[in-house]
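One structure is given here, and the rest of the page talks about it.
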Number of protein chains: 2
Amino acid sequence: MGESSLALQALPGLAEVLPGEDLAPLLCEALARAGMSLAGGDVLVVAQKIVSKAEGRFVDLRDVEPSAAALQLAASIGKDPRFVEVVLRESSTVVRAAPNVLITRHRLGHVMANAGIDRSNLPAGEPGAERVLLLPVDPDASARALRAAIKAATDAQVGVVISDSFGRPWRIGTVNVALGVAGLPAVLDLRGGQDRHGRRLETTQVALADALAAAAGIVMGEATESTPVVRIRGLHWSVPGSDSRALLRPVAEDLFQ
Amino acid sequence: MGESSLALQALPGLAEVLPGEDLAPLLCEALARAGMSLAGGDVLVVAQKIVSKAEGRFVDLRDVEPSAAALQLAASIGKDPRFVEVVLRESSTVVRAAPNVLITRHRLGHVMANAGIDRSNLPAGEPGAERVLLLPVDPDASARALRAAIKAATDAQVGVVISDSFGRPWRIGTVNVALGVAGLPAVLDLRGGQDRHGRRLETTQVALADALAAAAGIVMGEATESTPVVRIRGLHWSVPGSDSRALLRPVAEDLFQ
């Protein structure tokens, strides 16, 4: 990459995103109101939650009939069986279950808590509703669509990262990672490179999109979700873009299944 | 936190760090040459490798006698038994071993590949030497010392993060995390907080120091290690600092032992 500086700027003034809304014009209008330009090479990091909201990925737990498997798992970990049912529907395998912990491999391939299903920062919906919010159906496709719409509206060829906060097995606290990527390399592959002493490099692949998501997470404001969009300026890349699948370790290489 | 913008700037012009050198004056001189100021609230992210070099944490593999356990493990994973011996000496437990993979819990508590021992980006040493570089003895203490020396030299009360690149179990590519932290909260604890709809927050702890390390990693230049120091400006925190131990999940809570 060879960046020497990077500037992150949160996008202020974005209102609550409603189901069915088109994100691209909302973002472009908020950018214009804030006097924030977009230029080629900028990366917009967008919180998964507003993408899911725009896509209407709400489920009302009152409508969910838990399976026998969900009932049994829910009892063993102390979670709402309807919630567990939704997690299982979104997942290919359960990776770990323990009291108040449910880590699965999401059908998209990401290993994460609760299949990424959120209960916080949701508008109430109709009275009595118990809403949860699923991940976007295809975050890479969502990122590509947002990128194309922004290009059409502003002529700027930006990169887009759709991010979510993940826990880590051995470390306390969440960091944001990339669920969807468009227009930039999700992973920088340095294999075959040399260090400055002519030795073969040991660290050979750098998770650029995850690092960008982590950086943006610092300014996103987890507590209030007030700024779910961050512009990152100063990146330069010369390799083709790749989507979030480049970040997923193949199941066959998983030592922690 | 409530940041709305963040600026990352790599420190150019730092020469190879030699054993026994004092990092603080080297950094302050390089900052002055680059015309980069330091102000209270700035965070300096410093690559582990230059801290280890300054501390002279080199081991020459020619001096290492592998134990029976190291010989056996090395044969099963296809690594140099002397290297495996050094990894085991630095570690409390082996977490996973597989062909060409050795993940341990470092005696500092971090679960990482090869106990963080590097073979790349090392100067040659004497002819025939086969040098490897261990982590600093106590990265939090190294961070505190650097912070104090910078305060003495510049009067700026900065935060310091000592970072290293880590692999992740289910994701491709490395991201940088914090091995040492001084003068800022390693973890932001949002427990008890509410979202903007008055619901209790689900994401309750944010790994701030790891996110800062990840962000700095984007500009550090992995391939050349040309810029192992990054200044991050724009953070504001009101809670006390904590060291890197705040980032370590207790072994008793490890579901992936």
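The values are calculated or read from the model by the stated rules, or taken from the named source; none is laboratory data. Since the model is a prediction, treat every value here as computed from it, not as a measurement. Note that we place each Cβ from the backbone using ideal geometry, even for glycine, and neighbour counts take in every protein chain shown.
Below is a table of values for the structure above.
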| item | result |
| --- | --- |
| Segments classed as helices (runs of 4 or more DSSP H), wholly inside the stretch B:30-124, with at least 3 members that are over 17 Å from the mean Cα position of the chain (by Cα) | B:68-77, B:81-89 |
| Enumeration of residues in the stretch B:80-139 that are away from chain A (no Cβ under 12 Å) and among the basic types (K, R) | B:R82, B:R89, B:R107 |
| Which listed residue is over 30 Å from B:A252 (Cβ atoms), hydrophobic (A, V, I, L, M, F, W, C) and assigned by TED's automatic domain parsing to the domain that holds A:A124, from A:A97, A:A68, A:A74 | A:A68 |
| Where a residue in the stretch A:51-77 is more than 30 Å from A:R147 (Cα to Cα) and its partner, wherever it lies, is in a helix (DSSP H, G or I) and of a type in the set (F, W, Y), with Cβ under 7 Å and at least six apart | A:L61/A:F83 |
| In the stretch B:166-195, the residues that are touching a residue at least 24 places away in the same chain (Cβ under 8 Å), among the hydrophobic types (A, V, I, L, M, F, W, C) and either assigned to a loop (DSSP other than H, G, I, E, B) or within 14 Å of chain A (Cβ to nearest Cβ) (or both) | B:F166, B:V175, B:V177, B:A178, B:L179, B:V181, B:L184, B:A186, B:V187, B:L188 |
| Some residue of the stretch B:35-44 being touching a strand residue (DSSP E or B) at 6+ places or on another chain (Cβ under 7 Å) and within 24 Å of B:R249 (Cβ to Cβ) | yes |
| Residue in the stretch A:55-65 that is touching a Pro at 6+ places or on another chain (Cβ under 6 Å), within 14 Å of chain B (Cβ to nearest Cβ), surrounded by fewer than 21 Cβ atoms within 10 Å (Cβ to Cβ) and farther than 26 Å from B:V230 by Cα present | no |
| Extreme residue, surrounded by the fewest Cβ atoms within 10 Å (Cβ to Cβ), among residues of the stretch B:231-244 that are more than 9 Å from chain A (Cβ to nearest Cβ) and outside any loop (DSSP other than H, G, I, E, B) | B:R233 |
| Search result, residues across the stretch B:238-251 that are more than 21 Å from the chain's Cα centre (by Cα) and either outside the structural domain of B:V158 (by TED's automatic domain parsing) or not aliphatic (A, V, I, L, M) (or both) | B:S238 |
| All positions within the stretch A:109-128 that are in contact with a helix residue (DSSP H, G or I) (Cβ under 7 Å, 6 or more places away or on another chain) and hydrophobic (A, V, I, L, M, F, W, C) | A:A115, A:I117 |
| First in the stretch A:9-32 and more than 14 Å from chain B (Cβ to nearest Cβ) and farther than 20 Å from A:R57 by Cβ, second anywhere and outside any loop (DSSP other than H, G, I, E, B) and not charged (D, E, K, R), Cβ under 6 Å, 6 or more apart | A:C28/A:A153 |
| Qualifying residue in the stretch A:143-165 (condition: surrounded by fewer than 20 Cβ atoms within 10 Å (Cβ to Cβ), assigned to a loop (DSSP other than H, G, I, E, B), touching a residue at least 40 places away in the same chain (Cβ under 8 Å) and within 14 Å of chain B (Cβ to nearest Cβ)) | no |
| Residue match in the stretch B:141-157 (condition: modelled with pLDDT under 95 and touching a strand residue (DSSP E or B) at 6+ places or on another chain (Cβ under 6 Å)) | no |
| Subset of the stretch A:1-29 (residues that are hydrophobic (A, V, I, L, M, F, W, C), part of a loop (DSSP other than H, G, I, E, B) and assigned by TED's automatic domain parsing to the domain that holds A:K151) | A:L11, A:L14, A:A15, A:V17, A:L18 |
